[in-house]
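Read the structure below first, then the notes.
The values are calculated or read from the model by the stated rules, or taken from the named source; none is laboratory data. Nothing here was measured: the structure is a model prediction, and the numbers come from that model. For neighbour counting, all protein chains shown are included, and Cβ atoms are generated from backbone atoms with ideal geometry for every residue, glycine included.
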Amino acid sequence: MKNGRVTLLGAGPGDPELLTLLGKRRLQEADVVLYDRLVDPSLLAFTSDQARLINVGKYPHHHRVKQGQINQFLVQYAKQGQRVVRLKAGDPYVFGRGGEEAQALAKQGINFEVIPGITSAIAGLGAVGIPITHRDYASSFHVITGHHKKDGHQLDWSNIAHQEGTLVFLMGMAELPTICQQLITNGKDPATPAAVVQWATQWRQRMVTADLKTITEAVNQHHIGAPALIVIGPVVKLSAELWIPRPLAGIHLLVPNSRGHRLYNALTDLGATADFYVRAPKVGQPVEIKHLDHYSTILVDSSAAFDFFTQQLVKSGDDLRTLAGKNIVAKNSVVARMLAKRGVIANQVLPAKLPGATLELGSEHPLFNGAFLDLYHKGPVRSHLPFNLAEFNAVVFPSNDSLADFISALDEQQQDQLQDLCAFTMGDSIKQAALEAGFHDVISCPPKIAATVSAVKRRFSDD
Ligand code: SAH
C-alpha cells in the first residue's frame, strides 16, 4: 500500500488568491480534503474530480464535527494510504488547534507536513490600511486569543496592557467588553485607537474604528460580529490615510472558470470578489474522419470542436496540412480569434455564404443541414454550486453554454433565488435565454470583457 500523508494547509485570510503556490499544488493532488467553515469554498475548485471533500466546519457553540473526530479522520485516511489535506483558515499554527492536530498525527507516526498560510492576524489589518508595525507607532505586535479553554490559564492582563506594540485579539468578539475593561483597568489609556475588522479580505469585509473605551458600543451599533479581529494601538489611526477602497469593493460576483480567467482578473483588480461556477466538462468522442477531400469548406462551431478534430486527425496519422487550400469559416468572431491562436486564419465568419461542399465541426446541434462531425458532448457538471446565491450581487454569462452549465448546477432553492440575482449577459442572444431560465434582472452588454466590466461598474460603483 502506498504511504498516506497529511498536509496541514493554511488557506490564507479569505481571498482565495492569497493561497500559496505549494498549497494550490497540494489541493490539486489531494484524495481527501477536510475544510473549515472560515475557508472560502471556491478554493475547492482546485481539487480533482475524484477528491472527497468533507466539511468539518465548526460553528460557534455548535461543533459540527468534534476535534477528536477530525483527528481520527486524518489518521484513518492517511493509514488507508490517501493524500489528505486539512485545509485551515489563515496559518495552520496560529490558533485554530493546528498544533493539536499535528500532535495527534505525530503520536500515531503519520507522515505529515505543515504548509504555512497568510494569517488574518497580520493580513486582515493590512486589508483595511493598518500596518501592524510602524516605526513611529509600534515596534512589536502581540497576537492573543480572546477565547480560552474552560480550565485553561488566564491571560496576564497587566503584562498585556503595558505593551507598547499593537495588540490583536482573535476569537475575541464574545469577550470584547471584558478585553477592553481589563486593558483599561490594568493601565492602558482608554483613548488608545481601536478597530474591529470582520471578514477581512472578503466581499463582506467591514470595519469600525473608535477608541478602547468606545469600541464595544460602536461594534454593537453597527452589528459587527465574529469572525473578526480586534486591533488596539496607535497604528489603527493610519487606516484613514492608507485604506483606499477600490470601486467594486464589497461586490460579490460569480463568473465562469474558463477563458483564461481574464474576466476574473479584470473584475477582482477593481476590488470585486469573484467566485467561480463550474463548467461542464467537454468529453471528446471518437469519430471517423473520411473523405476530407470531398469538402472545400470547413465550418468550425467552437474552438473545442476544432481541438477534438485536430486530436482525431493526429490519431489517424494526419495533421492540419490536410486542411491546406480549404475555405475555413468560423461560427463567430470569438471562434475566429480562438482559431487564430491555433495558427489558422478563418477566411470568413458567419453569416456567410458557404461555397461548395461543407463539413461542419461541432457538438450535438448542427447549424446546417449537411455533413456534420459531432466531436464532443458535455458531461454532467461535477456538483451543485456550493454557494448561497443570496450572498451574491450578480453572475456573468459570456455564452449560452456557460448559462446552461450554471443552470444545470443549481438545486431547487438556488433556482428560486435567481429572480433576486442580477445577470450580466455578454451578447444579446444570451439575454433572452437568461430571462427564460428564471432571471428577472438581466443586463445585456457587448461580448467584450472591457464592456462587461464597465457595465458592472455602472451598476454597482458610485464613482
Ligand atoms: N489560523 C487562523 C486563525 C484561526 S482562529 C489565522 O491564522 O488567521 C479563528 C479566528 O481568526 C476568528 O475568530 C477571527 O478572530 C480570526 N479570523 C480568521 N479569518 C478572519 C477574517 N477573514 N477576518 C477577520 N477575522 C478572521
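Restricted to strands (runs of 3 or more DSSP E) entirely inside region 1-59, those with at least 1 residues that are aromatic (Phe, Trp, Tyr) are 32-35. So which residues in region 396-424 are outside any strand (DSSP E or B), in contact with a helix residue (DSSP H, G or I) (Cβ under 9 Å, 6 or more places away or on another chain), buried (at least 19 other Cβ atoms within 10 Å of the Cβ) and among the small types (Gly, Ala, Ser)? Within region 396-424, Ser399, Ser402 qualify.
Residues Ala210, Ala161: which one is modelled with pLDDT of 95 or more and within 33 Å of the chain's Cα centre (by Cα)?
Numbers: Ala161 fails: within 33 Å of the chain's Cα centre (by Cα).
Of the residues listed, the single one that is modelled with pLDDT of 95 or more and within 33 Å of the chain's Cα centre (by Cα) is Ala210.
Every condition in (1) within 15 Å of Asn257 (Cα to Cα); (2) touching a Ser or Thr at 6+ places or on another chain (Cβ under 9 Å); (3) of a type outside the set (Lys, Arg); (4) at pLDDT below 90 is met by Pro355 except one, and the failing one is (1). Cβ-Cβ contacts under 6 Å between residues 6 or more apart (or on different chains), taken from a first residue in region 214-225 that is under 21 Å from Gln182 (Cα atoms) to a second residue that is assigned to a helix (DSSP H, G or I), are listed as Thr216/Leu176; Thr216/Pro177; Thr216/Cys180; Gly225/Met173. Pairing residues of region 84-97 that are within 27 Å of Asn3 (Cα to Cα) with residues that are within 6 Å of the ligand (Cβ to nearest atom) and among the hydroxyl-bearing types (Ser, Thr, Tyr), at Cβ distances under 6 Å and at least 6 apart in sequence or on separate chains, gives Asp91/Thr119.
If you go through region 319-362 and keep only what is assigned to a strand (DSSP E or B) and within 15 Å of Ser303 (Cβ to Cβ), you end up with Ile328, Val329, Ala330, Val349, Glu360, Leu361, Gly362.
The lone criterion from (1) away from the ligand (no atom under 16 Å from the Cβ); (2) within 18 Å of the chain's Cα centre (by Cα); (3) closer than 30 Å to Val168 by Cβ left unmet by Asp49 is number (3). Taken over region 220-233, the criterion of being of a type outside the set (Val, Ile, Thr) and assigned to a loop (DSSP other than H, G, I, E, B) is satisfied by His222, His223, Gly225, Ala226, Pro227, Gly233.
Of the residues making up region 283-302, those that are crowded, with 18+ Cβ neighbours inside 10 Å and closer than 26 Å to Ser399 by Cα are Thr297, Ile298, Leu299, Val300, Asp301, Ser302. If you filter region 204-236 down to residues that are among the basic types (Lys, Arg) and within 16 Å of the ligand (Cβ to nearest atom), you find that the one that is surrounded by the most Cβ atoms within 10 Å (Cβ to Cβ) is Arg206. Is it true that Thr201 is in contact with a Pro (Cβ under 7 Å, 6 or more places away or on another chain), near the ligand (Cβ under 10 Å from one of its atoms) and of a type in the set (Ser, Thr, Tyr)? It is true that Thr201 is in contact with a Pro (Cβ under 7 Å, 6 or more places away or on another chain), near the ligand (Cβ under 10 Å from one of its atoms) and of a type in the set (Ser, Thr, Tyr). Can you tell me which residues in region 419-461 are out of contact with any His (no Cβ under 9 Å at 6 or more places or on another chain), among the polar types (S, T, N, Q) and more than 14 Å from Ala404 (Cβ to Cβ)? Listed by number, the residues that qualify are Ser444, Thr452, Ser454, Ser461. The residue pairs whose first member lies in region 166-194 and is within 18 Å of Ala228 (Cβ to Cβ) and in contact (Cβ under 8 Å) with a residue 60 or more places away in the chain, whose second member is away from the ligand (no atom under 16 Å from the Cβ) and not in a loop (DSSP other than H, G, I, E, B), and whose beta carbons are closer than 8 Å, counting only pairs six or more residues apart or on different chains, are Thr166/Ala138; Thr166/Val235; Leu167/Ile160; Leu167/Leu183.
Yes or no, residue by residue, for (1) assigned to a loop (DSSP other than H, G, I, E, B); (2) touching a Lys or Arg at 6+ places or on another chain (Cβ under 7 Å); (3) over 23 Å from Leu421 (Cα atoms):
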{"position": "Ala218", "(1), (2), (3)": "no, no, yes"}
{"position": "Val235", "(1), (2), (3)": "no, no, yes"}
{"position": "His261", "(1), (2), (3)": "no, no, no"}
{"position": "Thr268", "(1), (2), (3)": "no, no, no"}
{"position": "Arg279", "(1), (2), (3)": "yes, no, no"}
{"position": "Glu288", "(1), (2), (3)": "yes, no, yes"}
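Listed conditions (1) over 27 Å from Leu9 (Cβ atoms); (2) away from the ligand (no atom under 16 Å from the Cβ); (3) not basic (Lys, Arg) are all met by Gln108, apart from (1).
From the list Thr166, Thr185, exactly one residue is within 16 Å of the ligand (Cβ to nearest atom) and either closer than 18 Å to Ser120 by Cα or at pLDDT 95 or above (or both). Which is it?
Working: Thr185 fails: within 16 Å of the ligand (Cβ to nearest atom).
That would be Thr166, the only listed residue that is within 16 Å of the ligand (Cβ to nearest atom) and either closer than 18 Å to Ser120 by Cα or at pLDDT 95 or above (or both).
Within region 353-372, the residues that satisfy the criterion of being surrounded by 14 or more Cβ atoms within 10 Å (Cβ to Cβ) and more than 41 Å from the chain's Cα centre (by Cα) are Leu354, Thr358, Gly370, Ala371.
Considering only region 116-149, state which residues are aliphatic (A, V, I, L, M) and within 11 Å of the ligand (Cβ to nearest atom). Answer for region 116-149, where residues must be aliphatic (A, V, I, L, M) and within 11 Å of the ligand (Cβ to nearest atom): Ile118, Ala121, Ile122, Ala123, Leu125, Ala127, Val128, Val143, Ile144.
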